[in-house]
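A short write-up of the structure that comes next.
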Amino acid sequence: MQPISAVNDFVVKFANVNGSGSASANELFARAILRMGVPVCSRNIFPSNIQGLPTWYEVRVSGEGWLGRRGETADLVVAMNPQTWNKDVDSIEAGGYLLYDSTKPLTTQKLRPDVNLLGVPLTSLSNQIEGTIPRERQLLKNVITLGAAAQLLSMHLEIIEALIADQFKGKDKLIKLNYRAMQLGYDYAAANLAGKCRLKVEKADKVGDRIFIQGNDAAGLGAVYGGATVCAWYPITPSTSLAEAFTAHCKTFRVDPVTKKNNFAIVQAEDEIAAIGMVIGANWNGARGFTATSGPGISLMQEFFGLAYFAEVPAVVFDIQRGGPSTGMPTRTQQSDILLAAYASHGDTKHVLLFPEDPREAFEFAAEAFDLAERLQTPVFVMMDLDIGMNDWLCKPLTWDDSRKYDRGKIVTAEELEAGKFFGRYTDVDGDAIPYRTLPATHPSKGAYFTRGSSRNAMAKYSEEGADYVYNMQRLLRKLETAKGLVPAPVRRDAKEKTRYGAIYFGSTTPAMDEALAVLEKHGIHLNTLRLRAFPFGEEVVDFVQAHDQVFVVEQNRDAQMQKLMVNECALDPARFISILHYDGTPITARFITQAIAERMKVTHKEAAE
């Protein structure tokens, strides 16, 4: 078997034991390639257990700039976990490479004749580092591996040294230890494995000004820029790091420079129900507050969503989706909360959903969600997933217009009340179905009203009259119509050639879809596309579907939830849609989309010919 030979186009997979300290070295590897000007996408695949189980870190090196996961196989596997050895060996492409610890000879381990072995005595080399304790030597094995990989792939050592210096700034001892470890691995590979690996990284200029950031970090910063001062949350993977990021950014941006007092409140509540209750209370009182959670948390919060919807209290909810139902796959990704969030709570409810495609849009939509929530006086869900939230993505820089003003919506002031302005809490004065509100303590004797989850009339007085109830429910429905003109519009992209076929997708599917479209085009399959960015759907969605004979809907759940939402809300013919569904917990790939669409197009052409 001819060894794989590739420049700036391959996948490296690090197979580690969770808790072995490999994460830092793996990330250094990805960032070093970025600093050489070559785009990468990284995916961290980890177990829900805290320590001891397998974890994988994949880095796709793509000189062409494709940012989706390539698939289940890798060209180079760094096998550091004996428990997953067989599985890891099976995942190597024919002609690929296996880098392993050769301190002890291979005896019973599974090997493949079409895989090239790259043995490095990692344990033996780490034992040569003087002045270290066993735990340090275990950690430094990861850096020795990094050094060996750098030599095999022709990476620039000085770039990795600079990254190590940045990471351990002010800790000279650690810097020296890591330099020593990296050099040991590099020198061993140079002396013993020269020419045995034909995968290479060559310096390029394809990264530009893009940044490498996780969606939860970007969303946490977006919440700060969006004016959030209150976060109430309960820990749950994969949303916890969003609350933690918000906390860190608040300590930078929301501490009074004079008094040193915190201008923010972050509450780790006793559970998700308490968290959303605190958020609704904070928003009712005039603050901008949010919670971050995942599917199980959304399930628990249902009754409070109904209260916020019916009482018309703003709230922002970040749903970092994972595999369900129940505990499901808590550390894997899915887009399986679409219907749960869209109709959250009992009775007739519909909520605004936003679907960012990457960390940059997670930042933008996080800030925009607070404006929408206050303008519409309703909960707004930012629908991310584990893939966007917890993986580093290469994306355009985050930008902010300092002249931007927050949209606080329709708030009646004390001066307006004093001047005699009419105020009826649930009256539709402007014809857009959005009522005016007052904030607590606005005026000592005017503008007060009772906020309740039970039925009331337009003046907020308790009422069980059917006509009053219907008035409010119909107005809430019309308010959703108003929302269609406020939420981010879908992004349409037309194929180079005229086509009767379209594709709809959203969220983290975007990078895989971009690559799939390019591949399909090379095979003569042309698709117009529409990337959904929000619910409720505008007329653009209806027009797009009706303009095509067939529309593929690509989503990462079992039940075609987005397709069902479009059929239900837009009265579209289900026969127009073809579902492309991926739901094994891993990020969807271009290979999966390409194969599924190509096979379906073959069937369609065959049926047409008959």
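Just to be sure before I move on: is residue 558 basic (Lys, Arg), closer than 20 Å to residue 387 by Cβ and surrounded by fewer than 17 Cβ atoms within 10 Å (Cβ to Cβ) in the structure I sent? Yes, satisfied. Evaluating residue 27 against the criteria (1) under 20 Å from the mean Cα position of the chain (by Cα); (2) not in a helix (DSSP H, G or I) leaves one unmet condition, (2). Per the listing 429, 412, the residue uniquely among the aliphatic types (A, V, I, L, M) and touching a Pro at 6+ places or on another chain (Cβ under 8 Å) is 429. Against the condition open to solvent by less than 30 Å² (accessible area, probe 1.4 Å) and under 22 Å from residue 333 (Cα atoms), how does residue 529 come out, does it pass? It is false that residue 529 is open to solvent by less than 30 Å² (accessible area, probe 1.4 Å) and under 22 Å from residue 333 (Cα atoms). Kindly indicate whether any position in region 497-505 is under 15 Å from residue 67 (Cβ atoms) and open to solvent by less than 20 Å² (accessible area, probe 1.4 Å). Scanning region 497-505, I find at least one residue that is under 15 Å from residue 67 (Cβ atoms) and open to solvent by less than 20 Å² (accessible area, probe 1.4 Å), so the answer is yes.
Pairs meeting the criteria (first residue in region 402-416 and closer than 10 Å to residue 435 by Cα, second residue at pLDDT 95 or above and among the hydrophobic types (A, V, I, L, M, F, W, C), beta carbons under 9 Å, at least 6 apart or on different chains) are 409/373; 409/376; 409/434; 410/429; 410/434; 411/439.
Of the strands (runs of 3 or more DSSP E) that lie entirely inside region 44-120, those containing 2 or more residues that are touching a residue at least 12 places away in the same chain (Cβ under 8 Å), within 26 Å of the chain's Cα centre (by Cα) and closer than 14 Å to residue 22 by Cβ span 54-62. Pairing each residue of region 351-364 that is open to solvent by less than 10 Å² (accessible area, probe 1.4 Å) with any residue that is of a type in the set (Ser, Thr, Tyr), provided the two are 6+ apart or on different chains, yields C-beta distances under 9 Å for 351/309; 351/343; 351/345; 351/378; 352/378; 356/508; 363/225; 363/399. Checking each residue in region 165-183 for being surrounded by fewer than 24 Cβ atoms within 10 Å (Cβ to Cβ) and either over 20 Å from residue 130 (Cβ atoms) or in contact (Cβ under 8 Å) with a residue 40 or more places away in the chain (or both) picks out 165, 166, 167, 169, 170, 177, 180.
The strands (runs of 3 or more DSSP E) located wholly in region 460-543 that include 2 or more residues which are in contact with a Gly (Cβ under 9 Å, 6 or more places away or on another chain) and among the aliphatic types (A, V, I, L, M) occupy 528-532. In summary, strands (runs of 3 or more DSSP E) completely within region 186-280 and bearing 3 or more residues that are out of contact with any Lys or Arg (no Cβ under 7 Å at 6 or more places or on another chain) and open to solvent by 10 Å² or more (accessible area, probe 1.4 Å) occur at 211-214, 265-268.
Looking across region 417-445, the residues that are without any contact (Cβ under 8 Å) to a residue 40 or more places away in the chain, open to solvent by less than 50 Å² (accessible area, probe 1.4 Å) and of a type in the set (A, V, I, L, M, F, W, C) come down to 417, 423. Please count how many residues of region 565-609 are in a helix (DSSP H, G or I), small (Gly, Ala, Ser) and open to solvent by 20 Å² or more (accessible area, probe 1.4 Å). The total comes to 5.
Of all residues in region 446-466, those that are of a type in the set (Ser, Thr, Tyr) and surrounded by fewer than 13 Cβ atoms within 10 Å (Cβ to Cβ) total 2. Scanning region 30-43 for residues that are part of a loop (DSSP other than H, G, I, E, B) and surrounded by 18 or more Cβ atoms within 10 Å (Cβ to Cβ) returns 36, 38, 39.
None of 162, 150 is surrounded by fewer than 17 Cβ atoms within 10 Å (Cβ to Cβ) and modelled with pLDDT of 95 or more except 162.
The values are calculated or read from the model by the stated rules, or taken from the named source; none is laboratory data. Just so it is clear, the structure is predicted and the values come from calculations on it, not from any experiment. Cβ sites come from the backbone with ideal geometry, for glycine too, and all protein chains shown count toward neighbours. When the accessible area is computed, the model is the full protein with side chains, heavy atoms only, and any ligands, DNA or RNA have been set aside. Shrake-Rupley method; radii C 1.70, N 1.55, O 1.52, S 1.80 Å.
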